[in-house]
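Below: the structure, in structure tokens.
We did not get these values from a lab; they are worked out from the coordinates using the rules stated. In this text the structure is predicted, and so the values were computed from the model without any measurement. Cβ sites come from the backbone with ideal geometry, for glycine too, and all protein chains shown count toward neighbours.
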Amino acid sequence: MSRVRLEFTVEPFVDAQPGEHVLAAWRAVEGRGYTLSRGPFSSEAVVSAGEAPSLIQEVLRAALWGGAMHVSFQVDVLDGDSP
């Protein structure tokens, strides 16, 4: 199965003080056992292409329930054929 890079942004953004909406999204990814790279404007993880759709749903739900006003995703296939 292919791997994909799942990058997401959760707003509102507050410098150096991630709100509950951001923390909840991070926990959704880390709760599945993936390593999360936390950047200044977005976060990303390399995940199984087969798990990506349900993980996106989980991140979105967690962020919105945490108070997010905007959530965006970008998904890039890293290897293999299209998922």
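Table for the structure above
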{"item": "Dipole moment magnitude, nearest 20 debye, region 3-77 about Cα centre, only Lys, Arg, Asp, Glu C-beta charged", "result": "160 debye"}
{"item": "Label corresponding to P(r) over Cα pairs in 10 Å bins from 0, in percent when calculated from the structure given, among (i) 20, 54, 22, 4; (ii) 13, 26, 21, 13, 12, 9, 5, 1; (iii) 16, 33, 22, 15, 10, 4, 0", "result": "(i)"}
{"item": "Under 14 Å, Cβ to Cβ, from residue 13 - net charge with Lys/Arg +1 and Asp/Glu -1", "result": "-2"}
{"item": "Förster-model FRET efficiency, 35 Å R0, residue 46 and residue 69, C-beta, rounded to 0.05", "result": "0.80"}
{"item": "Mean ellipticity per residue at 222 nm, deg cm²/dmol - from DSSP H runs of n ≥ 4 across the chain, formula -39500 (n - 2.57)", "result": "-9500 deg cm²/dmol"}
{"item": "Spin-label pair residue 57/residue 78, simplified geometry with 7 Å Cα→Cβ offset, distance in nm", "result": "2.3 nm"}
{"item": "Among 53, 24, 14 the positive-end extreme of the charge dipole of the chain (Cβ point charges)", "result": "24"}
